[in-house]
Structures are given as structure tokens and as C-alpha cells.
């Protein structure tokens with residue numbers, strides 16, 4: 001019984017029946033292991049994270065008050081800080 005397998009089915013059928021498949025898998029694993037060994041890495045890399053966390057306590061304020069009295073003025077002040085911006 002012949003079925004119309006489509007492109008993916010034909011490719012899968014080729015690799016299932018091929019004696020080349022174990023060689024490709026072995027070569028891929030060896031290449032991956034070689035890449036892991038040769039990949040340069042540092043124990044403690046110097047990573048610069050361009051981010052700041054600001055925590056403000058405003059007990060008793062609702063969301064609108066926090067936005068008007070804290071968030072908006074603080075955003076204006078933070079935009080005055082000099083330095084590279086990457087966003």
C-alpha cells in the first residue's frame with residue numbers, strides 16, 4: 001500500500017532506512033562535545049547589567065496617587081542621569 005507521505009514523510013523515511021543516519025548522529029555529538037570543550041569561558045565574567053531597581057514605600061496610597069506623586073516625578077529625575085542608554 002503506497003501512501004502520499006509529503007516532504008517531511010519522505011525525508012523521515014529516507015533517514016530511517018539510511019545507513020548514513022548513525023554516522024550523522026555520531027558526528028553531531030562529537031562536534032557538540034568539541035564545541036563545549038573549546039568554548040572560552042570565565043569563572044567570574046564581568047557582566048554589566050544596565051538596570052536599576054528602585055523601591056519606594058508609600059503606605060496608604062492608591063495606585064493613582066503612587067503614579068502621580070512617586071512614579072512620574074522619579075521617572076523625570078532618572079532621565080536626567082547621564083550615561084549610555086540602550087533601549
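The numbers here are math on the coordinates, done by the rules we state, and not lab data. As the structure is a prediction and not an experimental result, all values here were calculated from the model. Quick reminder, even Gly has a Cβ in these numbers, built from the backbone with ideal geometry, and neighbours come from all protein chains shown.
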Requested in this report: With everything on Cα atoms, drop me the angle between helix 21-38 and the longest principal axis of the chain, reported from 0 to 90° to the nearest 10.
Outcome: 40
Query raised in the report: Each label point is 7 Å from the Cα along the Cα-to-Cβ direction; what then is the distance between the points at residue 56 and residue 18, in nm?
Result: 6.2
**Report entry** Zone of residue 77's modelled label, taken as backbone nitrogen in segment 43-66 under 20 Å from a point 7 Å along Cα→Cβ
**Finding:** 51-66
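Please list 38-45, 64-71, 7-14 highest first by mean number of surrounding beta-carbon atoms within 10 Å per residue.
For the peptides 38-45, 64-71, 7-14, the packing ranking is 64-71, 7-14, 38-45.
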**Report entry** Radius of gyration and maximum dimension Dmax of the chain, Cα, Å
**Finding:** 28.8, 75
Query raised in the report: Hey, what number do you get for the chain at 222 nm if only DSSP H runs of n ≥ 4 count, each worth -39500 (n - 2.57), divided across all residues, to the nearest 500?
Result: -14500 deg cm²/dmol
Query raised in the report: According to a simple spin-label model (label point 7 Å from Cα along Cα-to-Cβ), what is the distance in nm between residue 39 and residue 67?
Result: 4.3
